[in-house]
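To start, the structure itself, in structure tokens.
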Amino acid sequence: MGKRLKYISIYRISIIVWMALKFLIQIFWFEKRHRIWDQDTKRKWEEMLAGQAEEYRKKAVLLGGLLIKFGQFLSSRGDLLPQSFIKELEGLVDRVEPVPFQYSKQTIEEDWNASLDEHLSDINENSVASASIGEVYKAHLKDGTPVAVKVQRYRVRDTFRMDFKALKIVFWMLDKLTVYGKKADLPALYREVVRVISNELDFTMELENGNHFKKRFADFDDVYIPDYYSDLSTKRVLVMEWIEGTKITDLSFIKKQGIDREGIARTLFDLCVEQFLYAGMFHSDPHPGNLMLKEDGTVVVIDFGMVGEIKNEDANSIRKMIQGFILDDYDRVIESLQEMDFLLPDADTEKVKKLLKQTTDMYLDGNFDKLDAHMMNDMLGDLQEFVKEQPIQLPADYAFLGRATSIIVGVLTSVYPQIDLIRWGRPVIKEWMSGEASSFSLYKEIAKETARPLLSLPRALVEYLEDGDKEREWKSYHQKNHLFHQYYLFYTFFSLVIAGIGAAALYYTFIVPVLPTVWIGSILSGVGVLGFLVSSVNHLRMLKRIHHNRRNEG
């Protein structure tokens, strides 16, 4: 492919649109030829999708520009694409052939309105990193300070503008010719793609993001964010502190320097907890190339071009959604999904609520004492399939959050394979679930639910009667245990209240003649204590029987 051709608008647009159209034709023809979806058909389907993803990856490397960034965006969209396609795109590394230094020099001097010699004593003309948007060079300021100079690639803005036009045509085709037009809000998705990727073309935003994260993590002793030189940074040129170090996954370096691997993992874990669970911005591309390690074990975070944001109201909605799962209140779950714009306008909320409940119950019926990495992968896979099949469309920030979390888990296990994420995460989640307003918020919600189980019994009974015969048969055992669990909780609590009232009446009758006889207080106390014992014993027997059945099933 001629290097000049890729800068011609009609050529780039034709290549991208034709590739998309060819993929659609292949899918249409495959579905027309294969009416019966047996194992052999599924295997051929996966092979075809993997072939398409491989072709996309090769085209992206050849053309550069938006295709690489869009491929990375797609690799985070488990709600839209099959896993076989995503798996191939995950290997799409943002490295391209370097541009000649003369182009970068021209860009720097245009933006500085001065020659390189005015601000730099020297600059290495061979770039240390080359990506779809920028080249990075090592240089020295006049006082000898080493710096990294990131320069926007030659004609990258023109290239992205052409690719956005091609992408708009592709999205129109998907909207009009495929089922995705009904399952997803494609115009909104296109706007998100343009917004997210366009932000990376303005280096002043990366400068602001870097300064923001430097302030945010100032109290993290083992984390370092490079300094930025605002006076030398522009929309197309970014100058920052040069850091000597290596990738965080360089195990030979870690061993040579005698750095504690568990300590690195703990630092990275705490860093990500702060970003991924609480409101604010998070680094949405934390691959090993953007996480460096210094000789003293300090973790250095670089490249803040791709960031997402968890809004404060969304953080509260996520917390409320998880509380809904814990308290078996799926109206609350649906309300939270709607608050975060996860559900499309035409979503059948009752159907989604029912499917969420059935899926959750299926896993809660299992023994979570045996939870391991394989079970977690199965759960995440099932969740991804569920999201893809339902009218749920993740906003770009949350799709990137999922991708960033997946990347970090991979980095953590590479650095410290013995990591127990369940054990490390349990106290963090417990604190997070309590909320910022009150450390007892979840417990107050549980108490509120437990105090009115008789109200939830009719609701559960109605749901049970509305289920079809097969679903009723599947759920009967779990439903019965759930109802009796609430029943025993309520009457144990109620018996305690009666016993307390009787004891108080008996005590005050001896001091002040509140009641005409002590027998009334004695009877109330006796009934309360007896009720408490009977309910507690029956409840314990039921729990023991459930545990015994699960062990036998396992």
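Just so you know, all these numbers are worked out from the coordinates, no wet-lab data involved. Predicted model only: the values in this text are computed from it and were never measured. Positions of Cβ are generated from backbone atoms using ideal geometry, with glycine treated the same way; all protein chains shown enter the neighbour counts.
Assign unit charges at the C-beta atoms only (+1 for Lys and Arg, -1 for Asp and Glu), then state the dipole size of the stretch 148-232 relative to its Cα centre in Debye, rounded to the nearest 20. All intermediate terms of the calculation are to be shown ahead of the outcome.
Numbers: 15 positive and 14 negative charges, 149 e Å.
The calculated dipole for the stretch 148-232 is roughly 720 debye.
Tell me, in nm to one decimal, what length is gained between K59 and W18 on full extension, where the rule is 0.36 nm per residue of separation less the Cα-Cα distance? Don't skip to the answer; put the middle values down first.
Working: separation 41, 0.36 × 41 = 14.76 nm, distance 1.18 nm.
Value of the extension gain: 13.6 nm.
Under the simplified labelling scheme, the T413-W172 pair shows an inter-label distance of 4.4 nm, with each label point 7 Å from Cα along Cα→Cβ. Ellipsoid semi-axes for the stretch 247-291, based on the Cα gyration tensor and the rule √(5λ), read 24, 13, 5 Å when sorted largest first.
If you place +1 on the Cβ of every Lys and Arg and -1 on the Cβ of every Asp and Glu, how big does the dipole about the Cα centre of the stretch 219-266 come out, in debye to the nearest 20? Walk me through the numbers before you get to the answer.
Details: 7 positive and 10 negative charges, 76 e Å.
With Lys and Arg at +1 and Asp and Glu at -1, about 360 debye.
One chain, two ends: D341 and A188. Fully extended at 0.36 nm per residue, the span grows by 53.9 nm beyond their Cα-Cα distance.
Counting residues in the stretch 281-330 as N, plug N into 2.2 N^0.38 Å and put the Cα Rg over that result. Present the calculation step by step, with values, prior to reporting the outcome.
Values: Rg = 16.8 Å, N = 50, 2.2 N^0.38 = 9.7 Å.
Dividing the Cα radius of gyration by 2.2 N^0.38 Å gives 1.73.
In summary, the convex hull built on the alpha carbon positions of the stretch 113-162 has an orientation-averaged projected area of 3.9 nm².
Taking Rh as the Kirkwood radius, which is the inverse of the mean 1/r over Cα pairs, what is the Rg/Rh value for the stretch 169-321? Present the calculation step by step, with values, prior to reporting the outcome.
Numbers: Rg = 19.0 Å, Rh = 17.9 Å.
With Rg and the Kirkwood Rh in hand, the quotient comes to 1.06.
With neighbour counts taken as other beta-carbon atoms within 10 Å, the residues E335, E47 rank, fewest first, as E47, E335. Site pair N538 and V128 shows an inter-label distance of 7.2 nm when each label is modelled 7 Å from Cα along Cα→Cβ. Spacing of the modelled spin labels on F253 and S230, each 7 Å from Cα toward Cβ, amounts to 3.0 nm.
Taking the fewest neighbouring Cβ atoms within 10 Å as the starting point, the ordered list for F532, F342 is F532, F342.
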